[in-house]
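Notes for the one structure printed next.
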Amino acid sequence: MMTVRFGITLTNQHPLGSDQVAGLEAQLRLLHAVRDHGWDSVFAAQHHLSTSFTHIQPLPYLARLAADAGDMNVGIGIHLLALHNPVETAESYASLDAACGGRLIFGVGLGYRQVEYDAFGVPAGEKVRRFEENLRIVTALWSGEPVHADLPWCRLDGVRSTFLPTQRPRPPIWMAANSDNAVRRAARTADTWLINPHATIETIQRQLKLFDAEREAAGRGPVTELPAAREIYCAPTRERALELAMPYLANKYQVYAEWGQDTVMPDRESFRVPYEELEKGRFIVGSPDDCLEQLLPWRDKLGVNHFVFRTDWAGMPVDDAIRSVDLLSREVLPVLRESPS
């Protein structure tokens, strides 16, 4: 019997010049709505030197969210691991695991914005090596055993971390991946693949075969949890959903195109297309019946059992996002929680 869980990615991005305190208060209202409807997890993302948006950093943000999240898991989706010192990462996220009562989901990814790598002095040819070595060091430090590293950015001579995660042996590691090589890396080195919200279902279906084959080749069994991030907005009619969501969702992906997000997508997918074309197979915007029609194949054909929804985007009034959450919670999630026939 499949247990299906639901999470939300809160928009820690806001229009330039907006009131950051008011933005945080609005996101807390949205968190309270999903918590009170029995959702399972809450996530926040990471970027540095954002253009077009302001972007609160996830560690203090998630610590604040954890105080109001109740029994929900608290996830970073994602930490840009190659940019950061692995010792700081290990200690900071072990601290967050304690702050949220041992319910951290540690999501990591390579990232794609060159401005971020330039700012942290990471050469383009070094980012994969740094990512893999940093992941090795973080997990080793979380074990409490002596850790050795002799790298240009981190030297450790048998040190032990004295502050360990509350979860033992460690929090689950979800790895975001867009390209085929990144999907294979997730299969070898992470507990599961966090499926991105940008690719079409046809692309993900193809990549899941790569993921499963790579895990089998590495002597690893099937994953027990398969999460997928999805952009979604639910309203009584598709016309109303488009009216409320499209301006903010389309702007989000215009910024993604400016940042180069689509340059790392497989199968030559591009975000520089009209919204009507971009939406197909990617975004779930419509009535409850529309949402179910598009979501059920992700559960039944692909085996997704943890949906991580984003239903608000920079600039959207929070009341509109809460209305989407309410309708999803009443008419969509109960059907998805049922076991597939």
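The values are calculated or read from the model by the stated rules, or taken from the named source; none is laboratory data. Quantities reported herein were computed from a predicted structural model and do not represent experimental measurements. In this analysis, Cβ positions are derived from the backbone assuming ideal geometry, glycine residues included, and neighbour counts consider all displayed protein chains.
Table for the structure above
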read-out	value
Conditions (1) outside any strand (DSSP E or B); (2) farther than 21 Å from residue 149 by Cα; (3) in contact with a Gly (Cβ under 8 Å, 6 or more places away or on another chain); (4) at pLDDT 95 or above: number failed by residue 82	(2)
Residue ranges of strands (runs of 3 or more DSSP E) in the range 1-47 with at least 1 members charged (D, E, K, R)	5-9
Contacts under 8 angstrom Cβ, first residue in the range 103-116 being over 19 Å from residue 184 (Cα atoms), partner acidic (Asp, Glu) and part of a loop (DSSP other than H, G, I, E, B), 6 or more apart	103/71
Residue 244 vs. criteria farther than 29 Å from residue 175 by Cβ, part of a helix (DSSP H, G or I) and either at pLDDT below 95 or in contact with a strand residue (DSSP E or B) (Cβ under 7 Å, 6 or more places away or on another chain) (or both)	yes
Hits in the range 280-300 (condition: in a loop (DSSP other than H, G, I, E, B) and either modelled with pLDDT of 95 or more or acidic (Asp, Glu) (or both))	287
Residues of the range 301-341 satisfying the condition of being loosely packed, with under 15 Cβ neighbours inside 10 Å, basic (Lys, Arg) and not in a helix (DSSP H, G or I)	301
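Conditions (1) under 24 Å from residue 43 (Cβ atoms); (2) of a type in the set (Val, Ile, Thr), marked per residue:
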{"residue": "99", "(1), (2)": "yes, no"}
{"residue": "104", "(1), (2)": "yes, no"}
{"residue": "125", "(1), (2)": "no, no"}
{"residue": "139", "(1), (2)": "yes, yes"}
